[in-house]
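Student: Questions regarding the structure given below will be posed in turn.
Values in this text are rule-based calculations from the coordinates and carry no lab data. Note that the coordinates shown come from a computational prediction; the quantities given were computed from them, not determined experimentally. Note that each Cβ is placed from the backbone with ideal geometry, even for glycine, and that neighbours are counted across all protein chains shown.
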Amino acid sequence: MPPVPIQIVIFAVIAAVVLFQLYNVLGKKVGRQPEEDARAKPATAPAAPGADPAANGRPNVLDAVTLASIAGLKARDPNFDPIRFLDGARQAHETIVRAYAAGDRETLKPLLTATVMDSFEAGIAARETRGETEVAEFLHPARADLELATAEENRATAKVRFLAELRNTVTPADASAEPQVEERRVAELWTFERTLGASDPNWVLARTEPAAA
């Protein structure tokens with residue numbers, strides 16, 4: 001058997017070294033592995049007080065400022081749930097805005113104080129005198145932030161800041177005229193009230209005023 005050329009021996013040694021290095025790299029797990037992520041993943045933190053992760057699919061967490069702002073009412077009514085209240089306030093806000101545009105007095109009456117109802121009635125009557133009809137649509141769900149919740153004597157008061165994007169369509173009395181469509185962003189502070197200890201636990205709208213956007 002003829003002797004093996006020295007070049008082939010050298011190439012074989014180099015190839016063996018390269019293969020050994022590749023095994024050291026490719027034969028090992030590189031980077032974070034799924035089982036490592038599972039071990040490193042922290043346990044789910046417990047819900048903060050005042051939070052309801054299941055409510056409408058969003059994590060409702062009240063900050064320290066809001067919790068302090070509702071302390072006055074919580075002292076008088078420990079069962080006051082700010083998250084549930086805000087959910088109800090959002091529903092009332094949409095219902096009232098749509099009902100006012102539609103001139104639906106029957107829907108509005110149980111949701112408003114007498115003073116606010118009188119004001120809304122004047123606006124509805126003026127629109128009816130002009131022969132106009134109106135439709136209000138929410139382009140997105142309104143944002144609601146609880147600014148204050150307190151109690152004085154037997155009256156509970158809660159202030160909610162609403163930020164909404166609306167489309168109002170006003171149809172004139174003249175059938176030949178084009179409907180007027182306006183899209184606008186509205187920021188308002190609504191004050192709700194209810195009587196503590198009353199058989200009716202529902203809140204009613206007592207005041208509306210402009211708010212900073």
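Student: Could you check the spin-label model distance between Gln180 and Thr95? Points 7 Å from the Cα along Cα→Cβ, value in nm.
Tutor: Between Gln180 and Thr95, the label points sit 3.0 nm apart.
Student: Translational diffusion coefficient of region 94-213 at 10 °C, 1.306 mPa s, Stokes-Einstein with Kirkwood Rh over Cα pairs, in µm²/s as a whole number.
Tutor: For the chosen part, D equals 101 µm²/s.
Student: Ratio of Rg to Rh for region 64-135, alpha carbon only, Kirkwood?
Tutor: Rg/Rh: 1.15.
Student: Using alpha carbon coordinates only, what is the Rg to Rh ratio of region 159-207, with Rh defined as the Kirkwood radius?
Tutor: 1.25
Student: Among the GluC sites (Glu not before Pro) in region 113-146, which ones are in a DSSP loop with at most 13 other Cβ atoms within 10 Å of the Cβ? Mind listing them?
Tutor: Here no GluC sites (Glu not before Pro) fit, given the DSSP loop and packing criteria.
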